Amino acid sequence: MTEPAAHGDAEPAAPAAGLTRRSLLRTGAAAGVGAALGASVAVAADGDGGAGVSSADVVAFHGAHQAGITTPQQDRLVFAAFDLISDERADLEALLKAWTQAAALLTEGRAVGTVGGNPLAPPADTGEAQGLRAGRLTLTFGLGPTLFERDGTDRLGLRDRRPAALRPLPALPGDELEAERSGGDLCVQACSDDPQVAFHAVRNLTRIARQYAQLRWTQVGFGRTASTSRTQATPRNLMGFKDGTANIVGEDARAMDEHVWVGDEGDWLAGGSYLVARRISMTIESWDRAPLADQEATIGRTKVTGAPIGSAGEFDEVDLTAKGADGQLRIPANSHVAVAHPSTNGGIRILRRGYSFTDGLSADLGQLDAGLFFLAYMRDPKHFIALQRHLGSKDALNEYIRHVGSAVFAVPAGVASEGGFIGERLFA
Amino acid sequence: MLSTFVIGLREGLEASLIVGIIAAFLASQERRDALRWVWIGVLAAAGVCAAVGITLHLVDQELPRQQQEGLETIIAVIAVAAVTWMIVWMKRHAPSLSRELKENTAAALATGSALGLIGMAFLAVLREGLETSVFLVAAFNASSDVAASALGAVLGLAVAVAIGFGIFKGGVRLNLTKFFKATGVLLAFVAAGLLSKALHTAHEAGWWNGLQHQALDLTGVIPDGTIRATLFTGLFGIDPQPTVGELGIWALYLVPVVAFVLAPTTSRTVARAAGEAAAAPATISNRARAGLVGGALVALLGTGALFASASGSSTGTGSKEVAITLSAAGCSPANLELAAGPTTFAVTNSGTADVTEFEVLDGSRILVEAENVAAGIERSVSVTLAPGTYETTCPGGTTAETGTLTVTGEAADTGAKSAEAKQAVADYRTFLEAQTVLLTKRVGTFTAAVKAGDVAGAKARYASAREPYERIEPVAEAFGDLDPKIDVRINDVANDDEFTGFHRIERELWQTGSTKGLGPIADQLLADVKDLEQRVRTIELEPAQIANGAVELLGEVSKSKITGEEDRYSHTDLVDFKANVEGAEEAYNVVSPILSSRDTALEQQIAPEFKAVYAALAPYARGDGFVSYTELTPADKRKLSAALNRLAEPLSEVPAKVVG
C-alpha cells in the first residue's frame, strides 16, 4: 500500500501543477525524443487504470454517505465478506485506511499500483482492469457484529462502541443457513456495470488486506434485481417476474432519511446504514414446471406486464382487498406481493439492491445453483427481521426458495473528503 | 587444410599490403635505412600478438570477445587515419618527387615521418595479428592429426607476406608517379575496407547496431571461404555479404579518395606542393608522429587491458558448457533450449572448410561468436544468456545454417555480490548438497525394497524418500529434464510408457500391490537422483532465485498438495506439504539476513507465519508422518490453505527485496 499514493497525484479531471499527460506528450513530440516519449507514455499508461475515464462513468467516492446505496443500481456485483485475522484494533484501523485509499483510486478507474515495475516482484496491481473504464464502480464497506464481540470476547476492545442494533441476525423462518456462506467481520460490496472492474476491485482489496484479513465468502451477481432510481426500469429476477417495483429510490430523500440512513441514535454510525445480505437459492427446476397461473398467484403479479393481478399497469396501486368473480381475493393473501406489502408490515420499508446469481450446478443435487443474492439497506436490521419473520412463515414463494447464506453489517457514513477513512469516527 | 590456409591468407593479406606499400615507398625514396625500422615495427607487433596468444593459451583463457572487437575497432580507425594521411601526403608530393628533388625529399622525409610509417606498420600487423595468434597457437597445440591445419594457416600467412613482398619489389621498380597512382588506389581500397571492418567490429563489440540488414550478396560469384573470396575481400576491403552500413561507409570513403588520387595534378598544386615540400613535411610529420605513436601506445595499453580482463574473467566456474559441432550442413545442434545464465559454447569442426564460424544473434546484434574454427580446432566462447529467443547461425551451412536458441528461466544478475549475498548462496548450496545426498540415500533404500519385491517395505519408505526432493523441488525443476523423470504425475504424461519416477512406483505399490516390472523404473529413479546430486554442485544461484524458490515451493503446496493430487495413490500428501514448507523456510532463512537490513516490517510479518503453518499441520501428525489425506474434511483443508496463503503472500515480496 505504498503504491497508490504515487498514482494518486495526477487527477485526470483537474491536473495538478506541472506536466499533465497531454502536455507531456506534446513536449515529447516537439523535442523529437522518440525513446523518451515511448517511455513516458508507457509510464502514464501503467499508472492509469482506465483507457478513458469520463465523469459520467465515475461515481464519486467521497460524500456524506458511502456510494453504492442510492447510486442508480449497477448491473454487476462482486461481494466479499472477510474475517479479520488480527485482534489488534490498530490493524483494523490500518486496513480501513488502506482500503479507503485504494477505493478512491479504483472508483476513478485507476490501478492501485504499478502493473509493470520490478521484474522480481509480483505487480502491485493485478492488471485485469487495464484499459477498462471506471464502469460506475462503487465500493461500499461494512463492519460485521463479530468485530465488536465474538464468542463473548471483546476481541478488539470495541464492544462498548457496538451500535445496539448490530447483532447477528436471529434464526428466522426459512433459514437453511450454511456457516461458510454466512457472517463476516467485514464486507465489501463492489458494484459496476463491468463485471471485470468489480472483480478487479475485490481481488486487489483482498491482496491489500492480506496482513489483516482473509476472505470468508464471496458472491458474484450477474444482473440487478432492483432499481434504486426513478431513472431505471424495473428488472426481472430469475423467476421471470419484475422485482423491486415498490423499492425506495435514492431521489426520495425523505424516505431515505426515514427508512435507510441511521440518525443520531447511531452515534458513530450516524449517516450510515445497515446492510443485510441473504443468499436465496431458488429451486429453479420446480419453478419452471409450475403453471403460469400458479406462478402469478405465488407472486401476486402478472408475469408479462408486472402489473398487480387484476390491474393493467406495473405501477398501479396494489389492491389487496379486490375480489374476482369467484369471490376469492384477486391477489392471494399468501402471495409475495401481499405478504411483503408495507400495509401488512406496519409500514416497514427497506432499500433493496439485490442481484441474480448463479454458481453453476450444485455438486450434490445436480440442479442449477442459482437465485437471488438479496442485499438491502435499512435504518435498523430489526426491519428486515420483522419482514422475514412475516415472509418466512406466510409467503407462498417459500415453496421455491431457501435462504442459505446470511450476514449483517453496519455501513459507516461516507468519507467526506480526502484524508479521512471509512469508519473513522469509530476510532475517535 | 584449405580452410586454415584461407584464414591465414585473409588475416595476413591486409597487413601485408600496407607494410609492402610502406616499404616500397621508403625504398623508392632512397630511404632503405628506414626500412629497418619498419621491420622492427612489424616484428614488435608480431611479438606482442604472439605473446598474448601464447600467454592466453598457457593460462587457458579466452580473449574477452567484446573487448577484443572494441580494440580492433579503435585500431582500425587509427589505421584508416594513418593510411589516409599517407595517401594525401603522397598525392601532394609525388609529382614533385623527381630525381632533382630527391635529396630534398629525402631530407623532408624526416625521422618523424619515418617513425609514423613504422607506427603504421606496427598497427597494421597488430590489428590482424591478435586474433591470428590466438588461432595459430591453438592450431599448433592441437593433436598431430590436425597439424595439417596449422600448416595450412602458416602457408596462408606466408602467401600473404609474399604478396606484400611482391608489391614492395614491384613498387621499387615503378617510377614514383605510377607507383603512387597504383598504390594510392590500392591503399584507398584497403582503408575503405578497414573502415568497413571497423563498423563490423564496432557492431560485434556492441557499440553500433544500425543498418544491419544485408545490402548485397556476392557469394554466388565468389563463394565464401574460398581463396578467391579471400583475395577479393583482402584487395577490395569489402565482404561478399556486406551490411548496408558496411557497404555505405566503404563507398563513402572510397569514391572521393579514389577520385582524389586519380585527379590530374594542376600546376598550382604542383607549385604549392613544391613550395611546401621543404617546410610541410616537418610539421605534418610532427603531428603524424604524435598521432601514430599515441595510437600505438593506445593499442599497447589496450592489449594490456584486454589481457588483464581476460585473466580476470573466468569462464570455468558455474558456466554450462554446450557443445556445438560445425559441419557442411551448418550448426549441430542448430536448435537449442538452454536455461539462462553463464554459458560456454565449445565449438568444434567436424572437418568442413565451408563452415568455420558459429554465432548467436539477438535480432541483428551478435551476442557471441566463435570464428575461425577449422577442423581439429576447438574454440570456446562464453556469454551470460538472458531469457529470450535468439538465432544461432553457422554461415555457409547448407541445411542447418540457422536455428533457434530458446533461453528460459530467470535472468542472472551479473552484478557484484555483497558479502551477505555470497553467504546466503553458500548457505543454500550447503543445504542443497545435504538434501541431495539424503535423497540419494533414501531413494537407494526405497528402490532396493522395490527391487527386492518388498511391497510393504517400499510403501513404508515411499513418503520419507520423497521428503528431501520436496524440499528442493524448484532447484530440481531448473534442470528441465530431471524433474519430469523423477516426479511426473499420471496426468502429465501422454502415454503410460512415459510414466516414470516416484509416482509410477507409487501407483504400482498401492494400486496393484506388486513390484512386477518396476526394476528398470527403480534403477532409473536412483540414477536420476544421483544425477541431480551431481548437478546441484555447479548450479549458479542468486539470493533472489533462492527466495523465489521458496515462493514456488508454497505454490507447489497450493497447486498439488492441498488438492491431494500429488500422492493420489498413497495419500501421503501432508508429508510432501510439510517438506515443501521446510524447504521454503530454509530458502527464506538463508536470505533473511539480507531482508532484515532492507525491510524489517516484511521480515517481522513473515516470521510468525511459518510457525502458524506448522501449527496448522500439527493436529494431523501421526508418528513420523501424517494421517492419510483422505481423512481431512473440507474445513480442515481450508484451514491449512488459509495458513499457507498468509505465509505465501508476504513471502512473494521477498525476491525483489533480496536481489543484488
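The values are calculated or read from the model by the stated rules, or taken from the named source; none is laboratory data. Values in this document were obtained by computation on a predicted structure and should not be read as measured data. Here the Cβ is made from the backbone with ideal geometry for all residues, glycine too, and neighbour counts use every protein chain on show. Calculation scope for accessible area: heavy atoms of the full protein, side chains included, ligands and nucleic acids excluded. Shrake-Rupley method; radii C 1.70, N 1.55, O 1.52, S 1.80 Å.
Being touching a Ser or Thr at 6+ places or on another chain (Cβ under 7 Å) and hydrophobic (A, V, I, L, M, F, W, C) is the filter here; which residues of the range A:235-276 pass it? Those that are touching a Ser or Thr at 6+ places or on another chain (Cβ under 7 Å) and hydrophobic (A, V, I, L, M, F, W, C): A:Leu238, A:Val249, A:Met256, A:Val260, A:Trp261, A:Val262.
Going by the conditions given, is A:Thr283 touching a residue at least 24 places away in the same chain (Cβ under 8 Å) and more than 22 Å from A:Phe409 (Cα to Cα)? Judged against the criteria, A:Thr283 is a match.
Surrounded by 14 or more Cβ atoms within 10 Å (Cβ to Cβ), modelled with pLDDT under 95 and either assigned to a helix (DSSP H, G or I) or away from chain A (no Cβ under 14 Å) (or both), is that true of B:Val407? So B:Val407 passes the test. Among residues of the range A:114-133 that are within 13 Å of chain B (Cβ to nearest Cβ) and over 21 Å from B:Ala544 (Cβ atoms), those with a Cβ under 9 angstrom from a residue that is open to solvent by less than 40 Å² (accessible area, probe 1.4 Å) and not in a loop (DSSP other than H, G, I, E, B), sequence gap 6+ or separate chain, pair up as A:Thr126/A:His200; A:Thr126/A:Asn204. Within this structure, B:Thr352 passes the test of being farther than 28 Å from B:Leu211 by Cβ and either over 15 Å from the mean Cα position of the chain (by Cα) or open to solvent by less than 20 Å² (accessible area, probe 1.4 Å) (or both).
Across the range A:84-113, the qualifying residues are those that are within 19 Å of the chain's Cα centre (by Cα) and open to solvent by 40 Å² or more (accessible area, probe 1.4 Å), and the one among them that is farthest from the other protein chains (Cβ to nearest Cβ) is A:Glu108.
Looking only at the range B:74-88, decide whether some residue is within 22 Å of the chain's Cα centre (by Cα), modelled with pLDDT of 65 or more and surrounded by 15 or more Cβ atoms within 10 Å (Cβ to Cβ). The answer is yes; a qualifying residue exists.
Within the range A:78-97, the set of residues being in a helix (DSSP H, G or I) and under 15 Å from A:Gln214 (Cβ atoms) comprises A:Asp91, A:Leu92, A:Leu95. Looking only at the range B:555-576, filter to residues that are more than 13 Å from every other protein chain (Cβ to nearest Cβ) and within 12 Å of B:Glu473 (Cα to Cα); which one of those is most open to solvent (accessible area, probe 1.4 Å)? Here the answer is B:Glu556. Scan A:Asp252, A:Asp243, A:Asp294 and give me the residue that is of a type in the set (D, E, K, R) and open to solvent by 60 Å² or more (accessible area, probe 1.4 Å). Going through A:Asp252, A:Asp243, A:Asp294 in turn, just one is of a type in the set (D, E, K, R) and open to solvent by 60 Å² or more (accessible area, probe 1.4 Å): A:Asp294. Would you kindly identify the helices (runs of 4 or more DSSP H) lying entirely within the range B:437-491 that contain at least 1 residues that are assigned by TED's automatic domain parsing to the domain that holds B:Glu586 and hydroxyl-bearing (Ser, Thr, Tyr)? Hits in the range B:437-491: B:455-471. Name the residues in the range B:533-554 that are within 14 Å of chain A (Cβ to nearest Cβ) and not in a loop (DSSP other than H, G, I, E, B), would you? Residues satisfying the conditions are B:Pro543, B:Ala544, B:Gln545, B:Ile546, B:Ala547, B:Asn548, B:Gly549, B:Ala550, B:Val551, B:Glu552, B:Leu554. The residue list B:Ala579, B:Ala601, B:Ala587 contains one member that is without any contact (Cβ under 8 Å) to a residue 12 or more places away in the chain and either open to solvent by less than 50 Å² (accessible area, probe 1.4 Å) or within 14 Å of chain A (Cβ to nearest Cβ) (or both), which is B:Ala601. Looking only at residues of the range B:627-652 that are buried (at least 20 other Cβ atoms within 10 Å of the Cβ) and charged (D, E, K, R), we find that the one that is nearest to the other protein chains (Cβ to nearest Cβ) is B:Glu649. Scanning the range B:15-38 for residues that are loosely packed, with under 14 Cβ neighbours inside 10 Å and either more than 15 Å from B:Phe168 (Cβ to Cβ) or modelled with pLDDT of 80 or more (or both) turns up just one, B:Asp33. Of the conditions (1) more than 14 Å from every other protein chain (Cβ to nearest Cβ); (2) out of contact with any helix residue (DSSP H, G or I) (no Cβ under 7 Å at 6 or more places or on another chain); (3) farther than 30 Å from B:Ser418 by Cβ; (4) not hydroxyl-bearing (Ser, Thr, Tyr), B:Lys611 clears all except one; give me its number. B:Lys611 satisfies every listed condition except (3).
Hey, could you check the range B:512-521 for residues that are free of Cβ contacts under 8 Å to residues at least 12 places away in the same chain and assigned to a helix (DSSP H, G or I) and say which is nearest to B:Thr500 (Cα to Cα)? Ranking the candidates gives B:Pro520 first. If only residues of the range B:522-539 that are free of Cβ contacts under 8 Å to residues at least 60 places away in the same chain and not acidic (Asp, Glu) are counted, the one that is most open to solvent (accessible area, probe 1.4 Å) is B:Gln534. Restricting to the range B:410-439, name every residue that is surrounded by fewer than 16 Cβ atoms within 10 Å (Cβ to Cβ) and at pLDDT 90 or above. Residues satisfying the conditions are B:Ala426, B:Thr430, B:Glu433, B:Ala434, B:Val437. Every test in (1) farther than 20 Å from A:Phe373 by Cα; (2) modelled with pLDDT under 95; (3) within 14 Å of chain B (Cβ to nearest Cβ) is passed by A:Glu180 save one, and that test is (1). The residue that is farthest from A:Arg181 (Cα to Cα), among those in the range A:359-379 that are open to solvent by 50 Å² or more (accessible area, probe 1.4 Å) and charged (D, E, K, R), is A:Arg379.
For the residues A:Ala322, A:Ala307, the requirement of being more than 19 Å from the chain's Cα centre (by Cα), open to solvent by less than 20 Å² (accessible area, probe 1.4 Å) and among the small types (Gly, Ala, Ser) singles out A:Ala307. Pairs meeting the criteria (first residue in the range B:369-389 and not assigned by TED's automatic domain parsing to the domain that holds B:Gly351, second residue of a type in the set (Gly, Ala, Ser), beta carbons under 8 Å, at least 6 apart or on different chains) are lacking. Restricting B:Ala621, B:Ala616 to residues that are within 13 Å of chain A (Cβ to nearest Cβ) and open to solvent by less than 60 Å² (accessible area, probe 1.4 Å) narrows the list to B:Ala616.
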